[in-house]
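Written out below as structure tokens is the structure these notes cover.
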Amino acid sequence: MTQFQPSALCFQDLTEFFNDKHPQLQNYLFWQVRSHEIAEELAQETYARFLRQSEPHGILDLNAFLFTIAKNLAFDYLRGLKRQQAHEFIPLDLDLPDHQADAETLINRQ
């Protein structure tokens, strides 16, 4: 693994760092979302956000920064999935037989 000096970071250094961490990142994201496809998408988004960092020289721990981005993306994905599932509903099957007595039968029993 390559050691980086914060003042000497460049695009190539960040790319190399990310490529070194990619398998570990994939495993972490899969553990979070339980889908290889989603984990890969989140890993790519992690990489994009990692590279868009406006002040890479201020990052003291690249590993912590990378996995914090990944953790937040996984959390956002899972929160969105939960919200989506909350809005789904199961349609009622109106053709099911009703085994309960109707109101008239209940009144006549009394």
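The values are calculated or read from the model by the stated rules, or taken from the named source; none is laboratory data. Since the structure is predicted, the reported quantities are computational estimates derived from the model, not experimental observations. Here the Cβ is made from the backbone with ideal geometry for all residues, glycine too, and neighbour counts use every protein chain on show. For accessibility, only protein heavy atoms count, side chains too; no ligands or nucleic acids. Shrake-Rupley method; radii C 1.70, N 1.55, O 1.52, S 1.80 Å.
Annotations for the structure displayed:
- Search result, residues across segment 46-60 that are at pLDDT 80 or above, in a loop (DSSP other than H, G, I, E, B) and open to solvent by 90 Å² or more (accessible area, probe 1.4 Å): L60
- Some residue of segment 17-32 being surrounded by 14 or more Cβ atoms within 10 Å (Cβ to Cβ), modelled with pLDDT under 95 and farther than 16 Å from D76 by Cβ: yes
- Any pair with Cβ under 6 angstrom, 6 or more apart, that starts in segment 44-68 at a residue that is without any contact (Cβ under 8 Å) to a residue 12 or more places away in the chain and ends at one that is open to solvent by 50 Å² or more (accessible area, probe 1.4 Å) and small (G, A, S): none
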